[in-house]
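Asker: Here it is, the structure, as structure tokens.
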Amino acid sequence: MRNDLTIYDRVADRWWSDDIRWVRTLKNLVPGRLAWFDTHIDWQGKDVLDLGCAGGFMAEAMALRGANVTGIDPAAEAIEAARRHARASDLRIGYDVGVGEALPYDGQAFDAVVCVDVLEHVSDLNRVLAEVTRVLRPGGLFLFDTINRNPLARLATITVAEDILRLLPRGTHDPTLFIKPRELRRALTGAGLVPGPVTGLGPRGVNRRLDLTFGPLPLTAILYMGIARKPLTA
């Protein structure tokens, strides 16, 4: 089975335990993403939607930077794990169960929408981006990352990461859903957003547990991050 989204609920009770290597990999990606996202947004006081938040790694990191965070994900048990951890950490984060194709929020509700490790899993990319545009305030930012579609990306993310190193469970990704940057740029424009800079994301070293650490890279052939902005006027 490819694009297996049940993996998040299956490990929800251990999401914050640090005893599952692939979950630690997802956690280790957060500082690398923020190393670049932080240069494009001041989180303090911003109303931010974490679209596809899973158990809350990114949501908590943004809340600690002063954002007013709402997280949404279809994995109900992962959402419950996120709620429990936020309460235990005394963080005020709202969590909802739902999908990007039908966001349960009013229009112009958020200053920013963050969507990491998600776009390569959704059933209708154009619908998700239309919903992102709808819930963003004028001038609001969409910050994302996803996986490029080419033989190198397939080798790195499926053959190496899933099948050999087991950095992710087998079946996590369907390579046919990977997105070329030019395709995503066209979809963003079609949704009414103005595409901005793009950069790569990838391994930068290892930590004391011999887990990979991540950060921005010039190479966008495998993982890439980007931003887009909703115009101030239609």
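Computed from the coordinates by the stated procedures, all read-outs in this text should not be read as laboratory data. All figures in this text were calculated on a predicted structure; none of them were measured in a lab. Here Cβ is always computed from backbone atoms with ideal geometry, including for glycine, and neighbour counts include all displayed protein chains.
Asker: Would you tally the net charge around Ala102, using a Cβ to Cβ cut-off of less than 13 Å, leaving Ala102 out, and scoring K and R as +1, D and E as -1?
Answerer: Working: positive: Arg127, Arg134; negative: Asp96, Glu101, Asp124, Glu131.
Here the count lands on -2.
Asker: Using a 7 Å offset from the Cα along the Cα-to-Cβ direction at both Ile20 and Thr159, what is the distance between the two label points in nm, to one decimal?
Answerer: Inter-label distance under the simple model: 2.8 nm.
Asker: Straight distance only, please: which lysines reach the Cα of Lys27 with their own Cα at less than 28 Å, same-chain residues fewer than 8 apart left out?
Answerer: Hits, sequence-local ones excluded: Lys46, Lys180.
Asker: Helix-derived [θ] at 222 nm for the chain: sum -39500 (n - 2.57) over DSSP H runs of at least 4, divide by residue count, nearest 500?
Answerer: Working: 7 runs with 67 residues, N = 234.
Taken over the chain, the calculation gives -8500 deg cm²/dmol.
Asker: Got a sec? How would Trp43, Trp15 order by Cβ neighbour count within 10 Å, fewest to most?
Answerer: Listing Trp43, Trp15 from fewest to most nearby Cβ atoms yields Trp43, Trp15.
Asker: Still on this structure, I have one more. Compute the distance from the alpha-carbon center of segment 35-52 to that of segment 58-127, in whole Å.
Answerer: So the two Cα centres are separated by 12 Å.
Asker: Only helices at least 15 Å long along their own axis, judged from Cα atoms, and with Kyte-Doolittle mean hydropathy of 1.6 or greater: name those in the chain from DSSP H. Walk me through the numbers before you get to the answer.
Answerer: On the way: long enough: 21-37 (24 Å, -0.06); 76-88 (18 Å, -0.65); 125-135 (16 Å, 0.48).
Helices passing the filter in the chain: none found.
Asker: Given bins 5 angstrom wide, list per bin the percent of all Cα-Cα distances in segment 7-229, short to long.
Answerer: Percent of pairs per bin, in order: 1, 7, 15, 20, 22, 19, 11, 4, 1.
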